[in-house]
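The structure appears right after this line, and notes come after that.
The values are calculated or read from the model by the stated rules, or taken from the named source; none is laboratory data. Given the structure is predicted, the values throughout are model-derived calculations rather than measurements. Counting neighbours? That spans all protein chains shown, and the Cβs are built from the backbone with ideal geometry, glycine included. Surface areas here come from the heavy atoms of the whole protein model, side chains and all, with no ligands, DNA or RNA. Shrake-Rupley method; radii C 1.70, N 1.55, O 1.52, S 1.80 Å.
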Amino acid sequence: MTRGFRKKIRQKNTENSGFGSNASGRFINKDGLPNVKRTGVNVFNSLSWYHTMLNLSSFRFISYLVVAYILINLIFAMIYYLIGVEHLTGIDKSDPLNEFIDVFFFSSQTFTTVGYGRIAPVGFLASLVATFEAFLGLLTFAIATGLFYGRFSRPRAYLRFSDIAVIAPFEEGTALMFRLAPYKNNALTDADVIVSTAIEVIENDVPKNNFYRLETQLSKINTLALNWTVVHKINESSPFYGFSEADFKSTDIEIIVQVRAFDEVFSNTVVQRSSFVTGEIVYGAKFVTMYYPDKRNLATILDLDKINEYQKAELPEQPGNKE
């Protein structure tokens, strides 16, 4: 964060944000993970490979497995080829390409412990490599099976947040609003939201980050079935009281959101986070309704494509905005 704010904020700064006043940059990324880079440890100790693999998208996860499988078999195929194809029975020796293809498929059969039997190792060295490859294959597939189960069985909130927050008219005043919605068929109940903000201020000509808790009109709902528009009313108890449009555009602000809900299928609590920074806050706008009844009025349609749609709105002049 680089731009400071000099106005007096009435609300008391809170110290339980988990971030320091001199932290910089975005605090929470859009994926909900903290924007923190750790030094002082090597890459093997700084990363949890299990968490990394679980957090990958499905496409990248499958792609990594396929690429790793092909590379391992190519490496072992080269080892068998260097040992000599004469140490493998059943090889098509009509030309080098056919030899390498047979060696590659023998490696894949050994790695998966299928072993069709047409090609077999002969001699100590080839048999030793085949034994080690079969052992490595068992370990690899055991790890891959565990990762598949972990990804499949891990409870997740499956919430989609709007890319923007808006400053909208609300109850003869204004309010900060953003919205979220479930995008899968999981059943979430007892959902509650915690919203805080980081505002860079200038104190004694030194920029620092102050953190404030944002009270919401509705902090808990019984069932999260449709979209939820979270509303923070900007009044005298709000840290944004007195902010003009120019203030919202020129001050480094980050809205930090945490949603906690109970997943009935997993019988477990799920948590998801997101944030909105300066540039993602639209002043003078309101969200467009994103759900409507179906043609026969027998069900409600939740249109997730409209989660970011908004229209311009006139804001009433607030006493706090007057200099």
Worksheet entry | Hydrodynamic radius by Kirkwood, which averages 1/r over all alpha carbon pairs of the chain, in angstrom | 24.3 Å
Item to complete: Could you work out how far apart the two model spin labels at Arg118 and Leu33 are, taking each label as a point 7 Å from the Cα in the direction of the beta carbon, and quote it in nm?
Response: 4.4 nm
Worksheet entry | Extension gain (nm, one decimal) between Val265 and Asn42, 0.36 nm per residue minus Cα-Cα | 76.4 nm
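Rounded to the nearest 0.05, what FRET efficiency do Tyr149 and Asn297 give with R0 = 56 Å and r taken as the Cβ-Cβ distance? Could you check?
Values: r = 42 Å, r/R0 = 0.75.
Result of the calculation: an efficiency of 0.85.
Ordered by packing density, taken as the mean number of other Cβ atoms within 10 Å over each peptide's residues, highest first, how do 291-297, 139-145, 163-169, 301-307 rank?
Details: 291-297: 9.0, 139-145: 12.4, 163-169: 19.7, 301-307: 14.3.
Sorting 291-297, 139-145, 163-169, 301-307 by mean packing, highest first, produces 163-169, 301-307, 139-145, 291-297.
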Discussion item. Could you sort the peptides 28-34, 270-276 by per-residue average Cβ neighbour count (10 Å cutoff), highest mean leading?
Written reply: 270-276, 28-34
Worksheet entry | Highest to lowest packing among 149-155, 171-177, scored as the average C-beta count within 10 Å | 171-177, 149-155
Worksheet item: Can you list the residues, at least 5 places off or on another chain, whose amide H is less than 5 Å from the amide H of Ala187, using H built in the peptide plane?
Response: Glu264, Val265
Worksheet item: Can you pull the percent of the chain's accessible area that's carbon plus sulfur, 1.4 Å probe, other chains left in place?
Response: 56 percent
Response to the item:
To the nearest Å², the heavy-atom accessible area per residue of the range 175-260 with 1.4 Å probe amounts to 41 Å²
Practice prompt. Kindly state, to the nearest 0.05, the FRET efficiency for Met78 paired with Ser58, given R0 = 22 Å and r defined as their beta-carbon distance.
Written response: 0.10
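Translational diffusion coefficient, Stokes-Einstein: compute it for the range 45-153 using the Kirkwood radius over C-alpha pairs as Rh, at 20 °C and 1.002 mPa s, and state it as an integer in µm² s⁻¹. Intermediate results must be reported in sequence, preceding the final value.
Details: Rh = 15.2 Å.
Value of D from the Cα-based Kirkwood radius: 141 µm²/s.
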Discussion item. Show me, for the range 167-174, the HN-Hα J-couplings you get by feeding each phi into the Karplus relation (A = 6.51, B = -1.76, C = 1.60, θ = phi - 60°), rounded to Hz, glycine and proline as x.
Written reply: 9, 10, x, 7, 6, 6, x, 10
Worksheet entry | Amide H within-cut-off set for Ile234, under 5 Å, with H built and near neighbours excluded | Thr174, Ala175, Leu176
Worksheet item: Can you list residues whose amide H is under 5 Å from Thr89's amide H, if they're 5+ apart or on another chain and H is modeled 1.01 Å from N?
Response: Ala120, Val122
Worksheet, complete the sentence: Among Lys249/Lys312; Lys184/Lys306; Lys220/Lys286; Lys208/Lys233; Lys184/Lys233, the pairs whose Cα-Cα distance exceeds 19 Å are Lys220/Lys286; Lys208/Lys233; Lys184/Lys233
